[in-house]
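Accompanying notes for the structure given below.
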Amino acid sequence: MKPSTTTRGRNWRGARAPARPTQKDIALAAGVSQAAVSLVLNKTETPSVPAATRARILKVAGELGYQPNHPARMLRSARTMTFACVIPDITNPFYPGLVRGLQTVAAPAGYDVLIYDTDGRPEGEARAIDWLLQGRADGVVATFFHLRVPELAVLARNGIPLVRLESQHKPDGPLAIDSVYIDNVEAAAAMTRFLIARGHRRIAMIQAEFGPSKRRALGYSSVMREAGLSPEFVTDSAYSEESGARAMKRLLAEKRNRPTAVFGASDVLALGAMEEARNAGLSIPGDIAIAGFDDIPVAKLLGLTTVRQPELDLGALAATTLIKRLQPGGLKAPGRSFELKFEIMKRSSV
C-alpha cells in the first residue's frame, strides 16, 4: 500500500493525531486563493481582500480549528512571536492587570507573552537583559527600577524594541525605547491636596527605597510645603505589606505627634499600614486616615482611597507600541513617551 502523503503525528497516548488543517485546506474550503488566506491569517494589511472574503476565510479557519504553525513562522521570519513582560514582583497585584492589558493586544496579533520577575533587584534586572539578548522575545515591556537608558540601549541596538512603564515623561531619543506613564508627581500631589481638603494637617508618607516612590514623594512634599505643612517620610525596603506595617508601627510609636493621615506610595504599603493600625486598636478613618497609590483589585473591597493607574490601558498601549515598532521601518523611529490619565478613587479609608 502506498503510504499517505499527509503528515500525522501521535498524541500523548501514542495514537495517531488528526492532521493539522493547513492554509491550503482553508483556501479549498473557502473557495479562495492560498495567497488570500495567508494575507488574512498572518494579519497583513489586506486592502486587496474584500471584507466579505476576509470574513469567510476567518469563519472557515475557525470551523476547521486552524492553529498557526509558530515554529515554521519563526523560521520564516526570524521572530519568536513572543513579547516579554519584565516586572519587579509577580506577587504585587498591580502587575497582573498590566500583563492582562498586554495580552489583550498581543494575542490577537499572534504574540505570546512571557513574564520575567526581577524581584526588583539590580542583579535581577541585569539577568533579564542577558536573557533577552539570547533571543527569547521580539519585544519587551518592562518596569526597571535600577537600569537606565545606557544599560538598556543594548536591547534596541540588537533589534529588540523596549517599552518602559515609567513614572514620568521621558524625552524622545534615537533608539527604539518608548515609555508609557501617568504623571506620578501630579497624581501624588492631587492625593495630598485631597487629604488636606479633608482637614488633615499632619500627613505622613510611607515609601520604598526605589522605584516610583521618588516621584510620588516629590508631589506629596511640594503640596505639603505649599500649604505651610511639614512633610514626614518613613522609608522601608520594599513595596510590600510587611514594609507598610513596619513603617506604620514606627509612626504610631510617636504618640504625641502621630499623623492623622498616612499616604502609602503604593497600595500594598497602604494595606500593610491599615493592618498595623487596626492591630493597634485604631479605627480607620476615625483615628487615622489612610490612602494608597495604584488601585489594585483588593483596594475597592477594603475601601482604600487611592490613586488609580489604568494598568490595563498601560499594558495595551505598550503592546500596540511594540507591534508598530516591529513593522517595517519601525525600529528606526525615535523613542516616544505616552501619557495616560490617573484618577483619585475616594473611598471609606479617608
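The values are calculated or read from the model by the stated rules, or taken from the named source; none is laboratory data. Since the structure is predicted, the reported quantities are computational estimates derived from the model, not experimental observations. When we count neighbours, we look across all protein chains shown, and the Cβ atoms used for this are built from the backbone with ideal geometry, even at glycine. Areas reflect the complete protein model, heavy atoms only, side chains present, ligands, DNA and RNA absent. Shrake-Rupley method; radii C 1.70, N 1.55, O 1.52, S 1.80 Å.
For SER348 and SER283, calculate 0.36 nm times their separation in residues minus their Cα-Cα distance, and state this gained length in nm to one decimal.
Difference between extended and current length: 22.3 nm.
Can you give the FRET efficiency for SER33 and ASP117, using 1/(1 + (r/R0)^6), R0 = 45 Å, r = Cβ-Cβ distance, to the nearest 0.05?
0.50
Check which residues have an amide H placed less than 5 Å from MET205's amide H, if you skip close sequence neighbours.
Here GLU232, PHE233, VAL234, PHE263 satisfy the definition.
On a C-alpha basis, how far is the centre of the range 157-227 from the centre of the range 272-322 in Å? Whole number, if you could?
15 Å
What is the gain in length, in nm to one decimal, between ALA52 and ARG127 on full extension, counting 0.36 nm per residue of separation less the C-alpha to C-alpha distance?
Gain on stretching ALA52 to ARG127: 22.2 nm.
Report, to the nearest whole %, how much of the accessible area of the chain belongs to carbon and sulfur atoms, 1.4 Å probe, protein only.
Carbon-and-sulfur percentage of accessible area, whole number: 52.
Take each of the peptides 293-300, 332-339, average the number of other beta-carbon atoms within 10 Å over its residues, and list them starting from the highest.
Going by the mean number of other Cβ atoms within 10 Å, highest first, we get 293-300, 332-339.
Return the distance in nm (one decimal) between the two label points of a simple spin-label model at ILE90 and PHE210, each offset 7 Å from Cα along Cα→Cβ.
1.9 nm
Show that you can apply the helix-only estimate: for the chain, add -39,500 (n - 2.57) for every DSSP H stretch of four or more residues, divide by all residues, and state [θ] at 222 nm to the nearest 500.
Rounded to the nearest 500, the figure is -12500 deg cm²/dmol.
Roughly what % of Cα-Cα distances in the range 94-248 sit above 24 Å, to the whole percent?
Percent of Cα pairs beyond 24 Å in the range 94-248: 45.
Normalising by the residue count of the chain, find the relative contact order in percent from Cα pairs under 8 Å and 6+ residues apart.
Here the relative contact order equals 17 percent.
So if each residue of separation counts as 0.36 nm, and I subtract the Cα-Cα distance between ARG201 and ARG148, what length gain in nm does that give?
So the chain would gain 15.4 nm between ARG201 and ARG148.
Packing-wise, with mean Cβ within 10 Å as the measure, how do 23-29, 121-127 rank, highest first?
23-29, 121-127
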